[in-house]
Amino acid sequence: MDVGYFLKLLLSGLTRGSIYALIALGYTMVYGIIKLINFAHGELYMLGAFTGLIVASLMSYSGINPVLSLIVATIIAIIYSSAYGVAIEKIAYKPLRKSQRLSALISAIGVSMFLQNFVLLFQTSDFLSFPNLIPTFKFLKPVENYLSSAQVLIYICTALFLIGFTILVKFTKTGKAMRATSQDSKMAQLLGISINKVISFTFLIGSAAAAIGGVLISSQVGQINFYIGFIVGIKAFVAAVLGGIGSLAGAVLGSFVLGLVESFGTGYISSNYEDLFAFVVLIVILTFKPAGLLGKSEKQKV
Amino acid sequence: MSNKVLEINNLLMQFGGLKAVNDVSLDVHKSEITALIGPNGAGKTTFFNCLTGVYTPTSGDINIIPPGKKPIRANGKKPNKVTELGLARTFQNIRLFQEMTVLENVMIGRHAVTKANIFNAIINGKSTREEEQKIIHDSYEILKKLDLHTFSNEFASNLPYGAQRLLEIARALATEPFLLLLDEPAAGMNPQETISLIGTIEKLKAEHDLSILLIEHDMHLVMNLSDRCYVMDYGKLIAKGTPNAIANNPVVIKAYLGEDF
Amino acid sequence: MMNRVEILKKSAINAVIGILLTFPITVIKVNTIDQEITWRWYMMGLVGAVVLIISFFWIRQQERQNSGSTFKFNESKLGLKYHSIMSKPGVTKSVLGSAVLLIVLIPFITTPYTTSIITSALIYIILGLGLNIVVGLGGLLNLGYAAFFGVGAYTYAILNMNFGVGFWLALPLGGIASALFGAIVGLPVLRLKGDYLAIVTLGFGEMTRIFTENSDKLTRGASGIANIPKPTFFGHAFGYFGSTRYIYLIAVALVIIIIFIVWRMENSRVGRSWVAMREDDIACESMGIDLTQSKMTLFIISSAIAGVAGVLFAAKNTFINPQSFTVWESIMILCIVVLGGKGSVRGVILGALILILLPEYLRAFQQYRMLIFGFLLIVMMVFRPGGIIQNVRKIYKIEGEPTNE
């Protein structure tokens, strides 16, 4: 067995997993709080990537330092994606909170179509190339065949985000409010938690994570178009379900499982079936654990 | 031969480390009303769920004895099979088919005692049409008995609370049970409604030759209706006897009735 | 209730937010090849105006709905008149009769292009009716319905390519193949609940598509299968005009047959048990209904209907490839069901006509149509989440009893 090849696949699986994790968190948080499959979540990732690309191009064409460009582009992408996320919730989901969940799902599908075509119309349907802004880390020279600077950057950013996020959810007042709302939103409301604020905040954080993922992966892959959000969104959703939807740790675990399976699957079996592995794993795991890896099976009160 | 219709021996239902129902034995006799009382969280509803197949008990025996037939062990049978054996239940948290009409709710209850399948439905031959007419007619008669027939074409969700509870009973009756399990039928009713409910239950029992097992909080209802009484606390049976004996049992008073009596 | 000035003020604020929010995407255009930036400042005005107008009507409608003063068809003058006319004896029959007559005449009084589009809409009506059984009646969310549609289409294409099987034999075979596929998928899937069911059906749908794309021998992969014959009439083949009309008429006949079957099922003992399952599965089971069996029956019937639609689709287009059976296709069919009104046959028909014909006739707006379409979905759900036609249950008349309707 070729150890080098294996290592390469392992590391690229972790990269995929990181990106999925950043997106899956948003899915799972929104689901935990308002029980909605936010079909449009992948589009926030796409919008993040586009905003990042526009800002980054703007800066790098005028000769600004690439690292600074990347940082500014990421920050602006985060701001914009978060704003979109909050706005979408206010417009398309909030009026539907008391309706059947299927109606909200269709609304989310509408948002997804709208945003894809919005970008398609006002930007382009072609692939755009993302400026190469990621610095080359010198210390990676000996392992450059296995690991790129972009990958390292993705690991670091994902790790930082996950740590920050854990602290936020576990130890801050807002985090507590979020957890309380996801367990029992009525009770949380009675205890004086403002549901609207919690929901807005959830969309904000989720969209920010998606934007980070969007900018990072596009600067690694090098090109984007309006459709990138949809398939990644579905995969991230699969990851969230795999881990047990509503469970934050589950979303991260599911994402890495999915990333690794895809990486090894395409590497050892066939790249034609790249998009297939996600669903095979999903079906196998749900057959044995119907509530996902870390999900609690919901006991219905009879 | 004994005249039991339900015989439960040493029933245990364990969730992880929690014994929600712990070694409970209970009999229901033919044409009697047996009451199961106990404070909130004593495990009464879990006990019901074991009986009706919603949960599979960890151990113990549930024997259903249809009148004039041999006992059938019902552990782990699916809810629909239990219903087919002749047990029907109501739910503590009302579980009506909200967006169906009142009449349709009862018509669903007739499912267990009718036959038409999907091919019959498409061909819609004479016997199917007759069966359908009979379902409508029988369901309407049941509604009449409970004085709900004026609501026939309303959505179940539009009924007042007390009427929803009655509809639960009507729906259960439609399955033609010999043993009716009522889970807090008077919960949320006002005193007048409760009094009228007592009359209704007695009437139905006589007309349909029913045996009844009921879970209840309302002492007034239990004292007036039941022939036998079991008391549960923390998953265990702590007393059994006639309602009067129970009311004067010091253990029960201490565990549960304390302040009320 | 807010007055107009207040609404206008609020809308103006929304317009400013809209301009800021869409700024990078609408104003800045990057040409990454020549590394040039175009600033389209006029977009700010455009976006502002559009947001201002939409926001104004949006808020006004919301205010109206909150105060309950919305238009209710059944209580309006027009609605009352409609009901009083329709309730006269024989009127329903003659209206229905002339409608059927008109529908049959359509291909003879319009262009083949129109006929062809309406045929597409009819195929989607069939699909909508099929999915409606699972989603609308049974309450099981299936996001992979296009796969069953695809199985039907490919059954015809493959059988024809290899064995020369004709349309009329393929029609039932496609239904059966799809039903079998439904049964196989149903086994592992149906014990899952709610959203888990949704994502797994989506997964199965995508898996089917990916397999189709990659099995070159059986399905000719991504390039698809061409030269699928159109249906013949007792061995007689039609020319272009004739066959367009002929397929249209076959589609009409199938729609009528399927509506009839669905209608019979809906109003039967079994159909009622499906609705009960949707409303409350635990109570349903305790009424003596076998949930596994019910779910399986639902799934199989709905798959069979998709299979039949698939055969028709293959025959109409004479060419199929996996791109016709993607997730978006499944989503489209789901939208038909929900937009029209879940559980209602009339709703599905209306939904299919709107969703298929609207984008077709929005061509005047060319590229804006999908944008508008997405937006309309949101508007529909926000202001009428139950769909265009709301859930109505059958009123049973009891012999010898006065009805209170």
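The values are calculated or read from the model by the stated rules, or taken from the named source; none is laboratory data. Since this is a predicted model, take the numbers as computed values, not measurements. Glycine also receives a Cβ, built like all others from the backbone with ideal geometry; neighbour counts cover every protein chain displayed.
Considering only residues in the range C:380-394 that are over 17 Å from the mean Cα position of the chain (by Cα) and modelled with pLDDT of 80 or more, the one that is surrounded by the fewest Cβ atoms within 10 Å (Cβ to Cβ) turns out to be C:F383. A single entry from B:A186, B:A174, B:A245, B:A239 fulfils the requirement of being among the small types (G, A, S), without any contact (Cβ under 8 Å) to a residue 60 or more places away in the chain and buried (at least 22 other Cβ atoms within 10 Å of the Cβ): B:A186. The number of residues in the range C:185-201 being out of contact with any Ser or Thr (no Cβ under 7 Å at 6 or more places or on another chain), in a helix (DSSP H, G or I) and surrounded by 16 or more Cβ atoms within 10 Å (Cβ to Cβ) comes to 9.
Being assigned to a loop (DSSP other than H, G, I, E, B) and out of contact with any helix residue (DSSP H, G or I) (no Cβ under 8 Å at 6 or more places or on another chain) is the filter; apply it to the range C:23-43 and report the residue that is farthest from A:L120 (Cα to Cα).
Within the range C:23-43, the subset assigned to a loop (DSSP other than H, G, I, E, B) is C:32-35, C:40-41.
Add one more test, that the residue is out of contact with any helix residue (DSSP H, G or I) (no Cβ under 8 Å at 6 or more places or on another chain), and what stays is C:33-34.
Details: C:I33: 18, C:D34: 20 Å.
The extreme case among them is C:D34.
Considering the range A:224-297, the qualifying helices (runs of 4 or more DSSP H), each wholly inside and each with 2 or more residues that are out of contact with any strand residue (DSSP E or B) (no Cβ under 6 Å at 6 or more places or on another chain) and surrounded by fewer than 19 Cβ atoms within 10 Å (Cβ to Cβ), run over A:248-268, A:276-288. The condition (being part of a loop (DSSP other than H, G, I, E, B) and closer than 16 Å to B:P67 by Cβ) is satisfied by just one residue among B:P177, B:P185: B:P177.
Being of a type in the set (G, A, S), in a loop (DSSP other than H, G, I, E, B) and closer than 22 Å to A:F226 by Cα holds for only one residue in A:S125, A:S82, and it is A:S125. Taking first residues from the range C:271-282 that are at the interface with chain B (Cβ under 7 Å from one of its Cβ atoms) and partners that are in a helix (DSSP H, G or I) and β-branched (V, I, T), the Cβ contacts under 7 Å between residues at least 6 apart in sequence or on separate chains come to C:R272/B:I108; C:S273/B:I108; C:A276/B:I108. Evaluate the following for B:V28: is it touching a helix residue (DSSP H, G or I) at 6+ places or on another chain (Cβ under 8 Å), crowded, with 18+ Cβ neighbours inside 10 Å and part of a strand (DSSP E or B)? Criteria not met by B:V28.
Annotation: B:I195 fulfils all but one of (1) assigned to a helix (DSSP H, G or I); (2) surrounded by fewer than 20 Cβ atoms within 10 Å (Cβ to Cβ); (3) not assigned by TED's automatic domain parsing to the domain that holds B:P39; the unmet one is (3).
Among the residues here, C:S344 does not qualify as within 14 Å of chain B (Cβ to nearest Cβ), of a type in the set (S, T, Y), touching a helix residue (DSSP H, G or I) at 6+ places or on another chain (Cβ under 6 Å) and farther than 28 Å from C:Y113 by Cα. Tallying residues that are in contact (Cβ under 8 Å) with a residue 60 or more places away in the chain and not polar (S, T, N, Q) within the range B:91-107 yields 7. For C:I228, the criteria (1) within 12 Å of another protein chain (Cβ to nearest Cβ); (2) not in a helix (DSSP H, G or I) hold in every case but one, which is (1). Among the residues of the range A:43-66, those identified as within 16 Å of A:F118 (Cβ to Cβ), within 12 Å of chain C (Cβ to nearest Cβ) and not polar (S, T, N, Q) are A:E43, A:M46, A:L47, A:G48, A:A49, A:F50, A:L53, A:I54. From the list C:M296, C:M287, the lone residue that is in contact with a helix residue (DSSP H, G or I) (Cβ under 6 Å, 6 or more places away or on another chain) and under 18 Å from C:L190 (Cβ atoms) is C:M296.
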